[in-house]
Structure formats: C-alpha cells, structure tokens
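Okay, structure first, notes after.
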Amino acid sequence: MTAEALRPSRVEVDLDAIRHNVTVLRARVPDAIMCAVVKADAYGHGAVPVARAALDAGAEWLAVALVEEGEQLRAAGIDAPILVLYEPLPGAAPRILAAGLTPTVASVPAGDELDQLARHMSLRTAIHLGFDTGMGRSGAPPDRWDDLLAAAAGWHGLIVDGVWTHLARADEPDVSTTAEQLTRFADVLGRVTAAGLTPRTTHVANSAAILLHPGAAFDLVRAGVSIYGLSPSPDVTAEDHNLRQAVRLVTGVSMAKRVVAGTPASYGHSWEAPADGWVATIPIGYADGVLRALQNRATVLVGGQRRPLVGNATMDGCLVWCGDDEPHIGDEVVLLGSQGEEFISVDEWAAIRDTISYEITCTLGQRLPRVHV
Ligand SMILES: *Cc1c(COP(=O)(O)O)cnc(C)c1O
C-alpha cells in the first residue's frame, strides 16, 4: 500500500528475532553455510527486510521458490547468492541469467535450455542439481539420476556447484525415512563423483533437520520456518530450541458496544452474549487471514488479558467478548505475539486450525502492511 494505512491492522516483524534465530541456528550447525529460505514473501514476513536481517546475522545464501522472488531481491540491491528451489519452467532461462540466480536443475530439458543460453552468452552459470530421494516432489527421480548426471557432465555453459535433496519427514523424530533418504543421497553423491562432477556444496537439511538431525547438515543448510521463530511441527518446537517468534499480528478496537445477556451477533447469530457486558469490534477479518476456523476458539489480547474471539468472523471485522471491562476505540488488540505478560504463538493458531505454522503466516492477507521493527 502506498499511502499510510488508516486501519491499525498490521503484521509487525521483529528483525532482531530473525537475527537471533539465525545466530542460534548457525551455532547448531557451525560448519555449514546458512541459506535463509525467504520464499513466499519470507513466509509472509516480507522478503527484502527479512533477507537483509538474515544476511546481517551471518546467512550467506538466500533461497526462493520462484524466479520472480529472486528478481525482487535483486531489484532491492541484494547481491548474495540466491538459490531457486524449483527447476525453471520452459522460457525462464533468460530471466534467471539476467538476475544472476542459481537455479536448481532436476531434468535434462531444463538443464539443456540453461546450458544453450549460457553458452550463447559465453557464460558459465552455477547450478545445483536436485535429486528425489523420497520426497516425491520436484527432484530427479532415481530412474533418471544417471541420465541427468551424464547430461550435466556435458553442459559446458553450466557449473554443477551444488547437489541436494529434500527430506519428507525430518520433523518426525521416530521415523526411519530420514535415514533411508540419507542412504539414497550417499548413493547420489557416489554417482556424482563417478560422473566426474565436483560440486562445492551438498545439502539436505531444512529447519527440522537442523534441529533434530544436525549431523545431516552437510555443507549448507536451508533454514526456513525456524528463522521466523516458528515450529516445524509439534515434535520440534521453536520454544524447545530457543527460537523467538518474529511475528505479531496487531490491530485496534474500532467500536465498543454494551450489550445485554443473550444479544446475538454477527452472521448466522451463532454467538450470543453470555452475560451483560462489552463487545469490541476489531477491523480485521478473514480477508486478512483471521479465518472462520478461529472464531469461538481463539483468544486475543486486550489490555494484557486473553479475550475470546466470538461470533462468525467476517471478511473485514471480528468481535471480541470483553465481559465487564469496557474497551475503548484505539485500544491495541494482539492476535499473535505478545502484549504485556501474555503471548499468543503461531503454533496455538496452527493447532486450532488443524494445520502447520507455515500455513498461518503464509495466509496473513496481502492487504496487511508489514511493519519491520
Ligand atoms: C521450503 C523449503 C525449505 C525450508 O524448509 P523449512 O522447513 O521452512 O525450514 C528447504 N528446502 C526446500 C527444498 C524447501 O522447499
């Protein structure tokens, strides 16, 4: 948004928390290069300021999902290496080379396209090869490993600078799949060497792996959710690892109403005042990511106290039951983060919404200004 926001609703991001988290993670895997994953607008936190804070705290690489996201960082003047985690779609090569991004390549056609353009421009462009060892998503599947490596050995416009895979269940302490994937990755590395390729970096670990399997850090770690101080899963929590939630979701009371017991409110009249008391309206709704799954289950902070979010959430407004305490227009209301002694974690919302922390911050609405403090 260009003009200053009139609505008090905003996403506040504590860049000190980001720096703290990067420092904590680096100490956990001191021999690995830290790559800060800032895809999806830094999981909803604002890609450019987060990227700068992470680099300040010692991250050396950034990773994004889209070429467009890499271009946005370059346009802001960030010159750190940027890994694109998905292989480029046909036609993307010119923009990858123009922005100086490091693409992942997982198939021969994608590598061929990059190689031809790089040679045409007399470049040698660094790429990372992505291998599927059990995630089943975007890496090269095992039956194409050898073809990919044979082709890569002939790509003279490209340098295979990195080789990586991605773990499907790194956040679950008691599954055998992580060890199985690491065994398959060792097989990949053997084939890479046999093909005559000498990548400088090999990498596997996401946040959960950094926290649970630091021995699998290899040369570089790709830390996403943990740099925001969020938990990869209920088994691997931010709290247990001294990570600090960077996000606060804040608004202010926009109207206060005194109601009598039994007064119904909002669409469908699914809620009625349990007693005579005060209802506050807050100018934030499901268009901002305060989804209907939260109503009558989540609490918000007003005056340092937890208050229930009541009635059906609407697109632009929600209701808070304040009981005997009269709210005043402009009083700060915190939906996520701390106020006074109280704190609402993203994990708490994830549990209510039956989802993961990642989905909560990624679905905070675009129209909420991101304010970096
Ligand atoms: C998103 C992503 C990451 C970061 O994962 P976190 O769990 O957020 O740390 C790492 N690697 C790949 C390939 C990803 O897609």
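If you take the residues in the range 147-193 that are among the hydroxyl-bearing types (Ser, Thr, Tyr) and within 15 Å of the ligand (Cβ to nearest atom), which one is nearest to residue 204 (Cα to Cα)? First the steps, then the outcome.
Step one: of the range 147-193, the residues among the hydroxyl-bearing types (Ser, Thr, Tyr) are 165, 176-178, 183, 193.
From what is left, the residues that are within 15 Å of the ligand (Cβ to nearest atom) are 165, 178.
Details: 165: 5, 178: 10 Å.
Within the range 147-193, the match that is nearest to residue 204 (Cα to Cα) is 165.
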Just to be sure before I move on: is residue 75 closer than 18 Å to residue 362 by Cα and modelled with pLDDT of 95 or more in the structure I sent? no
So, first residue free of Cβ contacts under 8 Å to residues at least 60 places away in the same chain and of a type in the set (Phe, Trp, Tyr) in the range 117-132, second residue part of a helix (DSSP H, G or I) and surrounded by fewer than 19 Cβ atoms within 10 Å (Cβ to Cβ), Cβ within less than 9 Å, six or more apart or across chains; the pairs are 131/142; 131/184
Any chance residue 231 is touching a residue at least 12 places away in the same chain (Cβ under 8 Å), within 16 Å of the ligand (Cβ to nearest atom), in a loop (DSSP other than H, G, I, E, B) and crowded, with 18+ Cβ neighbours inside 10 Å: yes
Checked the range 46-57 for anything under 24 Å from residue 201 (Cα atoms) and either more than 13 Å from the ligand (Cβ to nearest atom) or free of Cβ contacts under 8 Å to residues at least 60 places away in the same chain (or both); matches are 51, 52, 53, 55, 56, 57
Of all residues in the range 83-140, which are open to solvent by 10 Å² or more (accessible area, probe 1.4 Å), away from the ligand (no atom under 16 Å from the Cβ) and of a type in the set (D, E, K, R)? 95, 112, 113, 119, 124
Could you check the range 68-82 and list, in sequence order, the residues that are in contact with a strand residue (DSSP E or B) (Cβ under 6 Å, 6 or more places away or on another chain) and either of a type in the set (Val, Ile, Thr) or open to solvent by 20 Å² or more (accessible area, probe 1.4 Å) (or both)? 81, 82
Which numbered condition trips up residue 198, out of (1) more than 13 Å from the ligand (Cβ to nearest atom); (2) surrounded by 15 or more Cβ atoms within 10 Å (Cβ to Cβ)? (2)
Among the strands (runs of 3 or more DSSP E) contained in the range 271-373, which hold 1 or more residues that are more than 16 Å from the ligand (Cβ to nearest atom), closer than 25 Å to residue 246 by Cα and of a type in the set (Asp, Glu)? 332-339, 342-344
Exception for residue 71 within (1) touching a Ser or Thr at 6+ places or on another chain (Cβ under 7 Å); (2) acidic (Asp, Glu); (3) more than 16 Å from the ligand (Cβ to nearest atom) falls at (1)
Give me the pairs: first residue in the range 182-204 and more than 24 Å from residue 169 (Cβ to Cβ) and of a type outside the set (Val, Ile, Thr), second residue open to solvent by less than 40 Å² (accessible area, probe 1.4 Å) and modelled with pLDDT under 95, beta-carbon distance under 7 Å, and six or more apart or on different chains, which are they? none
Would you please name the residue that is nearest to the ligand (Cβ to nearest atom), looking only at residues in the range 27-45 that are part of a strand (DSSP E or B) and open to solvent by less than 40 Å² (accessible area, probe 1.4 Å)? 37
Exclusive hit being within 13 Å of the ligand (Cβ to nearest atom), open to solvent by less than 10 Å² (accessible area, probe 1.4 Å) and either out of contact with any helix residue (DSSP H, G or I) (no Cβ under 8 Å at 6 or more places or on another chain) or outside any helix (DSSP H, G or I) (or both), set 205, 209: 205
Note: among 162, 215, 196, 190, just one is within 23 Å of residue 39 (Cβ to Cβ) and either out of contact with any strand residue (DSSP E or B) (no Cβ under 6 Å at 6 or more places or on another chain) or assigned to a strand (DSSP E or B) (or both), namely 162
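The values are calculated or read from the model by the stated rules, or taken from the named source; none is laboratory data. As the structure is a prediction and not an experimental result, all values here were calculated from the model. Neighbour counts are summed over all protein chains in view; Cβ atoms, including those assigned to glycine, are modelled from backbone coordinates with ideal geometry. These area figures cover heavy atoms from the full protein model, side chains too; ligands, DNA and RNA do not enter into them. Shrake-Rupley method; radii C 1.70, N 1.55, O 1.52, S 1.80 Å.
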